[in-house]
Amino acid sequence: MMCVMKHMKKIDHIGIAVSNLSAAIKTYELLGFKIEHREEVTDMNVRVAFLPIGDTRFELLEPFSKDSVVAKFIEKRGEGIHHICIEVKDIQKALQDLKDKNINLVYDVPKKGANNTLISFIHPKSSHGLLIELCQKC
Ligand code: CMX
């Protein structure tokens, strides 16, 4: 993984699937978190809220369509950790390095993500059950 590691900057956020964003926000505020930013990511059929913690964040994700992969995830596994997102310097190069290693990507071409980012994912079957998101700040 030497080439791919070269592109990695830090853990940008940990994604947590929730069935009701407002209820989840209330819970996390009780725990002491503050909401930094809320957004609807139409490409992914989710509403999200970011809660900073040190240099990283939790991302609460609520599906707003039954077709959303997050809705499917909650139906199958219940609420909880959905993915971990790693910020990379250059997502095109990172994806190319992964493809060269025959790693199964969800999107070969990055999509628009929350917070003005370009994103793609390593399929959990290629990473021992963990859905890894890669993001590049635009
Ligand atoms: N973490 C770990 N495993 C997961 C998973 C997740 N988040 N989501 C699905 N899986 C598992 C499934 O349970 C299934 O396991 P089994 O075969 O053991 O039952 C396996 O992955 C394969 O599932 P699949 O039928 O190929 O695909 P799914 O329809 O379940 O979708 C995936 C899986 C990764 C392709 C889909 O979740 C996806 O496209 N993810 C990328 C987009 C995304 O997650 N968007 C939401 C976040 C957006 C944001 O952060 O803004």
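The values are calculated or read from the model by the stated rules, or taken from the named source; none is laboratory data. What you see is a predicted model; the values in this text were computed from it and never measured. Cβ sites come from the backbone with ideal geometry, for glycine too, and all protein chains shown count toward neighbours. Note: areas computed on protein heavy atoms with side chains; ligands, DNA, RNA excluded. Shrake-Rupley method; radii C 1.70, N 1.55, O 1.52, S 1.80 Å.
Report note on the peptides 77-84, 102-109, 115-122: ranked by the mean count of other C-beta atoms within 10 Å, highest first, their order is 115-122, 77-84, 102-109.
Excluding ligands, DNA and RNA, the accessible surface per residue across the chain is 58 Å² with a 1.4 Å probe. Highest mean packing comes first when the peptides 14-22, 38-46 are listed by Cβ atoms within 10 Å, giving 14-22, 38-46. What fraction, in whole percent, of alpha-carbon pairs in region 1-63 exceed 20 Å separation? Within region 1-63, distances greater than 20 Å cover 33 percent of Cα pairs.
Based on the Stokes-Einstein relation at 4 °C and a viscosity of 1.567 mPa s, and on the Kirkwood radius from alpha carbon pairs, region 58-138 is assigned a translational diffusion coefficient of 97 µm²/s.
Which pairs, out of 6/99; 6/34; 34/76; 26/125; 26/111, put more than 27 Å between their alpha-carbon atoms? Checking Cα-Cα distances, 6/34; 34/76; 26/125; 26/111 exceed 27 Å.
Whole-Hz Karplus values for region 51-62 come out as 10, x, 8, x, 8, 10, 8, 8, 10, 7, 10, 10 Hz, taken residue by residue from phi with 6.51 cos²θ - 1.76 cosθ + 1.60 and θ = phi - 60°; glycine and proline positions read x.
A cut-off of 5 Å between modelled amide H atoms, ignoring neighbours fewer than 5 places along the same chain, links residue 113 with 118, 119.
Dipole size of the chain about its Cα centre, with +1 on Lys/Arg Cβ and -1 on Asp/Glu Cβ: approximately 220 debye, rounded to the nearest 20. Region 76-129 and region 1-52 have their alpha-carbon centroids 15 Å apart.
The chain gives an Rg/Rh value of 0.96, both radii derived from C-alpha positions and Rh following Kirkwood.
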